[in-house]
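What follows is a set of notes on a single structure, which appears directly below.
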Amino acid sequence: FVLDISHLGVLGAIFDSISQNADFRNEIMALIKQKNAHEITSVCEKYEISSECCELLKELVSLYGEPNSVIAKLKAKDISEEYNSAVLELEQICTYLASTKYADKIRLDFSIVNDMNYYNGIVFNGFLNGIYECILFGGRYDKLLKRMGRKSGAIGFALYLDLLEAIEKDTREY
């Protein structure tokens with residue numbers, strides 16, 4: 001298995017430093033999810049975003065891999081206090097996960113983008129060998145509770161059991 005982790009606080013802080021335009025954010029979020037760096041350039045040009053900020057977004061799209069190397073690249077940037085705080089939280093979580101026997105199964109992937117009005121902080125996708133879709137999906141969703149008038153932390157996940165049935169099927173060769 002592989003567990004891909006992202007932190008929407010990192011993405012949110014980058015967006016806050018670039019533009020408050022909701023249309024721009026929505027278009028870029030869709031492209032980040034697709035890992036489509038080429039079209040990010042076009043959208044940045046459309047919204048007159050600086051080439052420096054555009055490069056930052058394209059770099060985020062390419063960030064994937066072993067947590068220590070990805071976090072080192074994130075820490076090399078000093079975008080804002082919110083950004084630094086999100087990177088620190090991500091680093092702390094990864095440090096804990098590194099102490100488990102599953103450390104080699106963890107990857108950071110910033111193409112995991114979910115509804116930022118619902119989720120905040122850590123989000124994750126889980127994959128099993130032989131199943132070509134995400135079978136585990138979840139994250140932190142304090143923003144939902146806040147919209148409901150509650151001040152609390154929340155995290156949840158969905159496990160797609162129907163996809164797990166594929167593991168049990170007979171895979172003998174013809």
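Within region 42-53, being of a type outside the set (Gly, Ala, Ser), open to solvent by 10 Å² or more (accessible area, probe 1.4 Å) and either assigned to a helix (DSSP H, G or I) or under 30 Å from Tyr96 (Cα atoms) (or both) holds for Val43, Glu45, Lys46, Glu52, Cys53. Note on region 1-26: residues that are β-branched (Val, Ile, Thr) and closer than 13 Å to Leu56 by Cα total 3. Only one of the numbered conditions (1) under 20 Å from Gly138 (Cα atoms); (2) open to solvent by 40 Å² or more (accessible area, probe 1.4 Å) is not met by Gly9, and that is (2).
The conditions of being touching a residue at least 24 places away in the same chain (Cβ under 8 Å) and over 16 Å from the mean Cα position of the chain (by Cα) are not met by Asn36. Within region 59-80, residues that are at negative phi have Cβ atoms under 9 Å from residues that are assigned to a loop (DSSP other than H, G, I, E, B) and open to solvent by 50 Å² or more (accessible area, probe 1.4 Å) in these pairs: Glu59/Lys77; Val61/Lys35; Ser62/Lys35; Tyr64/Lys35, counting only partners at least 6 apart in sequence or on another chain.
Report yes if Ala37 is open to solvent by 60 Å² or more (accessible area, probe 1.4 Å) and of a type in the set (A, V, I, L, M), otherwise no. It would help to see each step written out before you state the result.
On the way: open to solvent by 60 Å² or more (accessible area, probe 1.4 Å): no; of a type in the set (A, V, I, L, M): yes.
In short, no.
The values are calculated or read from the model by the stated rules, or taken from the named source; none is laboratory data. Given the structure is predicted, the values throughout are model-derived calculations rather than measurements. Cβ coordinates were reconstructed from backbone atoms using ideal geometry, including for glycine residues, and neighbour counts include every protein chain displayed. The accessibility values were calculated without ligands, DNA or RNA, using every heavy atom of the protein model including side chains. Shrake-Rupley method; radii C 1.70, N 1.55, O 1.52, S 1.80 Å.
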